[in-house]
């Protein structure tokens, strides 16, 4: 039984992974960092003997900090629009 590939037939999976990671921006990395903070907290709780609720509370604080930074302190800017609010043509 022969399986056919969808998309580019001779493409290496490693090259596809590199392309996806190269296209990631700051906001993608921030979203990926939140679950990583929880994983690190759980590992630290088991290795260092820290109470799990305290470790998860610390990870939650990190997650809230990342969300505040990404959403409110440095929000995404519309890259497609070059007109400022004063330069737009009025619509009647």
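The values are calculated or read from the model by the stated rules, or taken from the named source; none is laboratory data. Computed from a prediction, not measured in an experiment: that's the story for all the values here. Cβ: placed from backbone, ideal geometry, glycine included. Neighbour counts: every protein chain shown.
Odds and ends about this structure:
- For segment 38-53, the criterion of being surrounded by 11 or more Cβ atoms within 10 Å (Cβ to Cβ), within 14 Å of the chain's Cα centre (by Cα) and part of a helix (DSSP H, G or I) is met by none of the residues.
- Count of segment 60-92 residues which are closer than 26 Å to residue 42 by Cα and at pLDDT below 60: 0
- Listed by first and then second residue, the pairs with beta-carbon distance under 7 Å, at least 6 apart or on different chains, first residue in segment 53-70 and touching a residue at least 24 places away in the same chain (Cβ under 8 Å), second assigned to a helix (DSSP H, G or I) and surrounded by 13 or more Cβ atoms within 10 Å (Cβ to Cβ), are 62/37; 63/34; 63/37; 66/30; 66/33; 66/34; 70/27; 70/30.
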